[in-house]
Structure formats: structure tokens, C-alpha cells
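Everything below concerns the one structure shown next.
We did not get these values from a lab; they are worked out from the coordinates using the rules stated. All figures in this text were calculated on a predicted structure; none of them were measured in a lab. Backbone-built Cβ (ideal geometry, glycine too); neighbour counts: all protein chains shown.
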Amino acid sequence: MNRVNRKRRKVRLWMALGFISCIALLVLADGITKERKFSEEENRMLATKPKASVETVMSGKFMSQYEKYKSDQFLGRDFWVSLKTKADLLLGKKDSNGVFKGADGYLLEEISVLDEASYKENMDAVTAFAARYPDLKMHMLIAPNAANILKEKLPAFAATEDQNAQLKRTEEIVSAAGIQWIDAAKTLNQHKNEEIYYRTDHHWTTKGAYYAFQEAAGDLGILQEEMTAFVPHTVTEEFNGTLSATSGYERSRRENIDIYLPEKNDTEVVVNYVEEKEKSASMYSSEKLKEKDKYGMFLNGNHALVDIKTTSEKNRRLLILKDSYANCFVPFLTPYYREIVLVDPRYYYGDLDDLIEEDRITDVLFLYNGNTFFTDNNLSGVLASE
């Protein structure tokens, strides 16, 4: 019996040594290529070499991480990814990683399937939040995505979710809760032949946001005679966005990013990135224009909590619960609020009730794009009362 056990132990030992030798050879082979941490072409972080340990090797975690690492770091990755995308197009395939290659150079992100569980939690939380603060003026603006408004640019036979049904369902719930719905879809449809969405990115353009602001102004209580005229200024002609990076399509296309400045610039701002403990006198970060994701120049990208104080003579203080669509929308609001507080539920872990009390909030705006809002699993947690 002991002889059998010794033989089994020897077999296991040789198998373990063989397994470790194979891993050693794989790791040794890594020296052939230089490791990259970031792909400019795909606009994302790449997997880096995992560290081997007895625990990660025996659990299989090491090999899983190693496969991702080799996939991201193989020699000439950008070339081969580009070649595959072109081959797929020749074969008639016009979608890649949830992105459709549409007409006129438009890349259209697939409409997300509504996550029923998260959606119910969010809408229950929104309804309870509105009931908890009956004295606050609340509004909701959910921007439809390009595949909704520009559906005629989708490739033939492309099937997407009915985002209009998602929007209608949400409008009914929030209206019943006393939250005023802002119909961004109406005005965006009226301007669908203009540059209201980027061709290579999932965001609306500043022009699209401006049209939405004009639609929202009356609902937000901004009087027509108070409206400030804004003038567009191009800050870069070298933008290639996230949808191009994700799909591999239109990588050579470059687009403009515009900012809209008031004709009479009499409202100054101090932008406080609270958690980063950084302040700025501008809502635009020119340093971001040197990076791949140039849309990050609006409010320096996404942050958990941003507090914007203005020199506006108005006494209203606005809380915005938002995603990145709000970043190019907010500058249109500064002449009309003394303070604007931005909370991104994806990153915020503070107490919202304390924030509302401390900042003497008078108004609330929910501002998202549809794809984020209908799959969000963070909003309910932020809105929950302690």
C-alpha cells in the first residue's frame, strides 16, 4: 500500500514540475515583446503580466490572467486587430463589440437591454427620494442614444432595443412621483440632420447638448428674457472617440470638439473637484486635449463629486445626478445658478442627504444618457436614506 502511495506522490510531483516548467517557458517567452500598459488605438488599459504563486497557479487564476495578458500584449496587436476588422467588413459584418458601422461614417452603440432588477430598484429609489424632498424642484432628462435618434443610419437588418418604450415607461413613473420630465428626444429628433452626435464616440456633441438645454430651460424655470446667447468655438479637430476604439472602425477619422461660450462672459466660476482636492477657474481642461479621450476636457472627465460656485445673482442651488453626458451640458447652466453640485453615482459614496442640507440645494436634475440609465446599478444606493 505504501509503495502505491509513494508511486502516486511521485506522479503528482512530476506533473507539478512539468506544469511549472511549462509556465516558466511561457514567462521566459515574454521577453520577446515589450509590455505596453495602454493602447492608444483601443483607448483602454491593457492586461499586464500576472505574478505566479502556488495559490494562483493551482486555482487556475494565473492561467486565466496570463491568457488575457498574452492576448493584449502579442506582437503587432494593433495591426492584427485592424486587419481582422477590415476582413470582417469584407465579409459583410458591420458590428463589432456592440458597435454598428452605420451610414455616413457614424458608429452607433447598440441600445442596451433594460436591466429589470436594477431599473426597479432605481425607480423605487427615485420615487422615494422625491417623496422625501417634496419642496425641491426635481427634473429628469434622459438623452436618447444615437442608435435611437439616427436609426436610419444603422446597417440593414440591424436589430436594437426599443429605447423609446424605455423612455416612455420612465416618463410615466417619474411624472407620477412629481418629477418633471424633460423631453430631450423631441428636440434631438428635430435636429437629427445636424451634428448632434459624434461619429466615432458615444456622446452627444456640444451642439446636441445645447439644443437639449434650450428645450430644458423653460422646464427648469429659466425665463426667455434671461437666456444667454452662446457661440461655438472649436478646440480640437483631432478627436477619435471611444466607439472607434471599441470597434476598430473609423480609426483614421478625426472630428471637431466645440465648446460654447457665452457672448457676454459675465459669470465666473470656481470648480472644486472635492475628492481630488483640486480647484480650477475653468470648466474645461485643455490638458485632456493632448490625450486620446479628448472628451475628458469637459469638467476634466468624470469625478465622484464636483462643486461649482458661480458669481450668478440667482440664489438657486442645483444638484445634478449624472453620467458623462452632463459634462458638456453643465456650462450652459452656470449663469442661472449660484451653485451647481455634480454627483456621479458610479463613484460617489457619500451621504446625499447631508450634501443636500449642507449645500442648501433648491433644485435637482437627473441627467443621463439612456444606455447608462437603463443599466445603472448605482443610483438606488446613492439615493437611499441612511
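Pairs of Cα atoms in region 307-346 fall into 5 Å distance bins, from 0 up to the last occupied one, in shares of 6, 26, 34, 21, 10, 3, 0 percent. Cα centroids of region 242-278 and region 288-302: how far apart, whole angstrom? Between the Cα centre of region 242-278 and that of region 288-302, the gap is 5 Å.
Compactness ratio for region 284-386: Cα radius of gyration over 2.2 N^0.38 Å (N = residue count) comes to 1.09.
Between residue 285 and residue 264, full extension at 0.36 nm per residue minus the direct alpha carbon distance yields a gain of 5.4 nm. Under 5 Å between amide hydrogens, built in the peptide plane, is the criterion, and for residue 202 it picks out 242, 243 among residues at least 5 positions away or on other chains. On the principal axes of its alpha-carbon atoms, region 111-157 has extents of 48, 25, 7 Å, going from largest to smallest. For residue 264, the aspartates and glutamates whose Cα comes closer than 19 Å to its Cα, not counting residues fewer than 8 places off in the same chain, are 225, 226, 313.
Among the chymotrypsin sites (Phe, Trp or Tyr not before Pro) found in region 333-386, those both in a DSSP coil and sparsely packed, with 14 or fewer other Cβ atoms within 10 Å of their Cβ, are 347, 349.
3J(HN,Hα) along region 237-248, derived from phi through the Karplus expression 6.51 cos²θ - 1.76 cosθ + 1.60 where θ = phi - 60°, amounts to 10, 10, 8, 9, x, 5, 5, 5, 5, 5, 8, x Hz, with x in place of Gly and Pro.
When you restrict to C-alpha pairs under 8 Å that are six or more residues apart and normalise by the size of region 182-259, the relative contact order lands at 32 percent. For region 319-381, relative contact order (Cα pairs under 8 Å, six or more residues apart, normalised by length) works out to 55 percent.
With N counted as the residues of region 230-304, its alpha-carbon radius of gyration over 2.2 N^0.38 Å works out to 1.27. Applying the criteria of a DSSP loop state and at most 13 other Cβ atoms within 10 Å to the GluC sites (Glu not before Pro) of region 129-216 yields 194. Computed over the alpha carbons of region 289-330, Rg followed by Dmax gives 12.4, 39 Å.
Given the pairs 279/314; 101/151; 94/292; 101/153; 93/153, which span a C-alpha to C-alpha distance of over 19 angstrom in this model? Violating the 19 Å limit, Cα to Cα: 279/314; 94/292.
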